[in-house]
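Here's the structure, in structure tokens; my notes come after.
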Amino acid sequence: MVLYDIPDIRLFWSEDERFLNQFIGPHIWQRIKFQPLSRYPPLVNDISFWLPSETYSQNDFYDLVRTIGGDLIEKVVLLDEFAHPK
């Protein structure tokens with residue numbers, strides 16, 4: 001990790017060609033520096049909101065997020081649900 005300036009150890013288990021192809025060189029002595037796979041840094045946003053239970057589907061929200069964010073959105077996850085007893 002130090003030799004190539006790799007920030008995350010999980011990348012060593014990656015099968016992504018963009019990562020693997022960075023380390024193919026003509027000589028073992030060639031100086032190689034890791035280039036990030038995306039020009040956008042990782043970003044995590046937590047949001048909370050109220051939704052009517054009778055007309056809502058989780059896929060509706062996922063579709064909305066991906067429509068607005070496009071290819072920048074990698075993952076949408078529902079972490080928690082709360083339903084007030086009333």
Would you mind telling me the share, in percent, of accessible area of the chain contributed by carbon and sulfur at probe 1.4 angstrom? 57
Inter-label distance for residue 15 and residue 3, nm, one decimal - labels placed 7 Å from Cα along Cα-to-Cβ: 2.5
Toy charge model, Lys and Arg Cβ at +1, Asp and Glu Cβ at -1: the chain dipole around Cα centroid in debye, rounded to 20, equals 440
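Which loop-located chymotrypsin sites (Phe, Trp or Tyr not before Pro) does the chain contain, where loop means any DSSP state but H, G, I, E or B and the Cβ has at most 14 other Cβ atoms within 10 Å?
4, 29, 49, 50, 56, 82
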Could you state the accessible area per residue of the chain in Å², with a 1.4 Å probe and every protein chain left in place? 99
Quick one: length gained pulling residue 35 to residue 56 fully straight, 0.36 nm per residue minus the C-alpha distance? 3.4 nm
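The values are calculated or read from the model by the stated rules, or taken from the named source; none is laboratory data. All values derive from a computational prediction rather than experimental measurement. Here Cβ is always computed from backbone atoms with ideal geometry, including for glycine, and neighbour counts include all displayed protein chains. When the accessible area is computed, the model is the full protein with side chains, heavy atoms only, and any ligands, DNA or RNA have been set aside. Shrake-Rupley method; radii C 1.70, N 1.55, O 1.52, S 1.80 Å.
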